[in-house]
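**Q** Sending over a structure as structure tokens; questions will come in a sec.
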Amino acid sequence: MKRKIILLCCLLALAACADREAEQRAAVAAQAAANETAAAELATQYDSALTAQNWEMARIHGAALLAQYPQTQAATQVEQTFADTKAKAEEVREQNRLSSLWNYAQVTAGKGIQRSAMIYSKEPVDVDGAGPRTVQLVFRDHPEWKRSAYLVLQAGDFRCPGGCKVKLVADGAAAKSMAAWRPDTDEAIAMFITDHKALWKLVRKTRAVAIEFPVKGGGTRTAVFETGGLNAEHMPGWD
């Protein structure tokens with residue numbers, strides 16, 4: 001009798017173990033199915049963002065899918081295009097950053113409207129030994145003075161008696177020289193680039209332009225401008 005009781009207990013224990021294993025397998029299967037469903041929803045959002053060419057949103061959905069549901073079928077599919085999506089999203093972010101560096105203005109001037117596109121140098125420049133300050137590059141379209149391009153200093157001064165030269169390096173290419181001149185006035189510390197058309201064309205097709213200019217204190221200084229985000233719509237007729 002005792003032996004039968006022991007055997008019955010063993011059978012009950014085995015049955016309980018089998019039930020727990022079955023429950024665990026069922027739970028794992030249910031979780032896997034839930035993961036596949038959630039991953040499929042993210043994949044749908046990812047694909048919709050790709051179709052709309054919203055690369056940043058696609059990157060967000062794709063990254064969430066791969067991080068949360070890496071073992072799903074949807075993850076396998078998304079992984080095939082995700083590297084390209086990330087690269088495009090990064091390109092868009094960089095272009096937006098470059099675009100934000102430019103400032104545009106429209107003001108009434110005389111009998112018309114003056115339009116300007118302005119950008120500050122990537123890093124401040126010390127032109128007079130008093131400490132680094134930003135340099136500004138300006139394209140201006142004035143109803144009376146017409147079109148021009150010039151550099152503006154916050155302090156110090158240019159050295160350009162009777163005219164001078166500036167050197168430009170666009171995206172690391174060979175340096176180009178351009179004629180420049182400083183107005184005979186103390187109202188603003190500005191130096192004009194004579195061929196504003198050539199400078200505009202150069203800026204429009206480059207991501208960064210370094211401009212080397214002579215300073216009153218002696219020697220030259222170089223200001224780098226991240227120009228790749230210039231929006232020509234704000235300066236009609238310049239292209």
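**Q** Looking only at region 183-205, count every residue that is modelled with pLDDT under 95 and either among the polar types (S, T, N, Q) or in contact with a Cys (Cβ under 8 Å, 6 or more places away or on another chain) (or both) and tell me the total.
**A** Residues in region 183-205 being modelled with pLDDT under 95 and either among the polar types (S, T, N, Q) or in contact with a Cys (Cβ under 8 Å, 6 or more places away or on another chain) (or both): 1 in total.
**Q** Could you give every pair whose Cβ atoms fall below 6 Å, whose first residue belongs to region 100-117 and is open to solvent by less than 60 Å² (accessible area, probe 1.4 Å), and whose second residue is in a helix (DSSP H, G or I) and not charged (D, E, K, R), counting only separations of at least 6 or pairs across chains?
**A** So the pair list comes out as Ala117/His234.
**Q** Another question, then. If you take the residues in region 98-130 that are among the small types (Gly, Ala, Ser) and part of a strand (DSSP E or B), which one is nearest to Thr222 (Cα to Cα)? Let's see the steps before the verdict.
**A** Within region 98-130, the subset among the small types (Gly, Ala, Ser) is 99-100, 105, 109-110, 112, 116-117, 121, 129-130.
Add one more test, that the residue is part of a strand (DSSP E or B), and what stays is 105, 109, 112, 116-117.
Working: Ala105: 26, Ala109: 32, Gly112: 35, Ser116: 23, Ala117: 20 Å.
Looking at residues that are among the small types (Gly, Ala, Ser) and part of a strand (DSSP E or B), I get Ala117.
**Q** Search region 148-159 for residues that are at pLDDT 95 or above and pair each with any residue that is open to solvent by 30 Å² or more (accessible area, probe 1.4 Å) and small (Gly, Ala, Ser) when their beta-carbon atoms are under 7 Å apart and the residues are at least 6 apart or on different chains.
**A** Val152/Ala188
**Q** Would you confirm whether or not region 189-204 contains a residue that is free of Cβ contacts under 8 Å to residues at least 60 places away in the same chain, among the hydrophobic types (A, V, I, L, M, F, W, C) and over 18 Å from Phe225 (Cβ atoms)?
**A** Looking for residues that are free of Cβ contacts under 8 Å to residues at least 60 places away in the same chain, among the hydrophobic types (A, V, I, L, M, F, W, C) and over 18 Å from Phe225 (Cβ atoms), one finds none in region 189-204, hence no.
**Q** Right, another one. Being open to solvent by 70 Å² or more (accessible area, probe 1.4 Å), closer than 20 Å to Phe213 by Cβ and part of a loop (DSSP other than H, G, I, E, B) is the filter here, so list the residues in region 131-159 that pass it.
**A** Across region 131-159, the qualifying residues are Pro132, Gln154, Arg159.
**Q** Those residues that are of a type in the set (Val, Ile, Thr) and surrounded by fewer than 16 Cβ atoms within 10 Å (Cβ to Cβ), I need them from region 207-221; list them, please.
**A** Thr220
**Q** Now a separate question. For region 161-170, indicate whether the set of residues that are charged (D, E, K, R) and under 27 Å from Arg97 (Cβ atoms) is non-empty. Before the answer, list the steps.
**A** In the first step, residues of region 161-170 are kept if they are charged (D, E, K, R); the result is 165, 167.
From what's left, under 27 Å from Arg97 (Cβ atoms): 167.
There is at least one residue in region 161-170 that is charged (D, E, K, R) and under 27 Å from Arg97 (Cβ atoms).
**Q** Can you pull out every residue in region 50-91 that is open to solvent by 40 Å² or more (accessible area, probe 1.4 Å), out of contact with any Asp or Glu (no Cβ under 7 Å at 6 or more places or on another chain), assigned to a helix (DSSP H, G or I) and within 20 Å of Ala34 (Cβ to Cβ)?
**A** Result: Ala67, Gln68, Thr76, Gln77.
**Q** With (1) under 17 Å from Ser116 (Cβ atoms); (2) touching a strand residue (DSSP E or B) at 6+ places or on another chain (Cβ under 9 Å); (3) touching a residue at least 12 places away in the same chain (Cβ under 8 Å); (4) not small (Gly, Ala, Ser) as the list, and Asp239 as the residue in question, which single condition is left unmet?
**A** The one condition Asp239 does not meet is (2).
**Q** Moving on. Of all residues in region 160-176, how many are in a strand (DSSP E or B), of a type outside the set (Val, Ile, Thr) and open to solvent by less than 80 Å² (accessible area, probe 1.4 Å)? Even if it seems obvious, please write down each step before you answer.
**A** Restricting attention to region 160-176, the residues satisfying the condition of being in a strand (DSSP E or B) are 164-170, 176.
Applying the additional criterion that residues be of a type outside the set (Val, Ile, Thr) yields 164-165, 167-168, 170, 176.
Adding the requirement that they be open to solvent by less than 80 Å² (accessible area, probe 1.4 Å) leaves 164, 168, 170.
Looking only at that region, the number is 3.
**Q** Looking at (1) surrounded by 13 or more Cβ atoms within 10 Å (Cβ to Cβ); (2) without any contact (Cβ under 8 Å) to a residue 12 or more places away in the chain; (3) out of contact with any Asp or Glu (no Cβ under 8 Å at 6 or more places or on another chain), which is the only condition Ala34 fails?
**A** Ala34 satisfies every listed condition except (1).
**Q** Taking the condition of being surrounded by fewer than 16 Cβ atoms within 10 Å (Cβ to Cβ), touching a residue at least 24 places away in the same chain (Cβ under 8 Å) and among the acidic types (Asp, Glu), how many residues in region 222-236 meet it?
**A** Qualifying residue count for the region: 0.
**Q** Now a separate question. Can you name the condition, by its number, that Val203 falls short on among (1) of a type outside the set (S, T, N, Q); (2) over 18 Å from Ala117 (Cβ atoms); (3) part of a helix (DSSP H, G or I)?
**A** Result: Val203 fails condition (2) only.
**Q** Give me a count of the residues in region 193-205 that are in contact with a Ser or Thr (Cβ under 6 Å, 6 or more places away or on another chain) and open to solvent by less than 30 Å² (accessible area, probe 1.4 Å).
**A** Count: 1.
**Q** As an exercise: evaluate Ser121 against (1) within 19 Å of Ile189 (Cα to Cα); (2) more than 20 Å from the chain's Cα centre (by Cα) and give the number of the one condition it does not meet.
**A** (2)
The values are calculated or read from the model by the stated rules, or taken from the named source; none is laboratory data. These figures come from a predicted structure and were not determined experimentally. Neighbour counts are summed over all protein chains in view; Cβ atoms, including those assigned to glycine, are modelled from backbone coordinates with ideal geometry. Ligands, DNA and RNA are stripped out before the accessible areas are found, and what is left, the full protein with its side chains, is counted by its heavy atoms. Shrake-Rupley method; radii C 1.70, N 1.55, O 1.52, S 1.80 Å.
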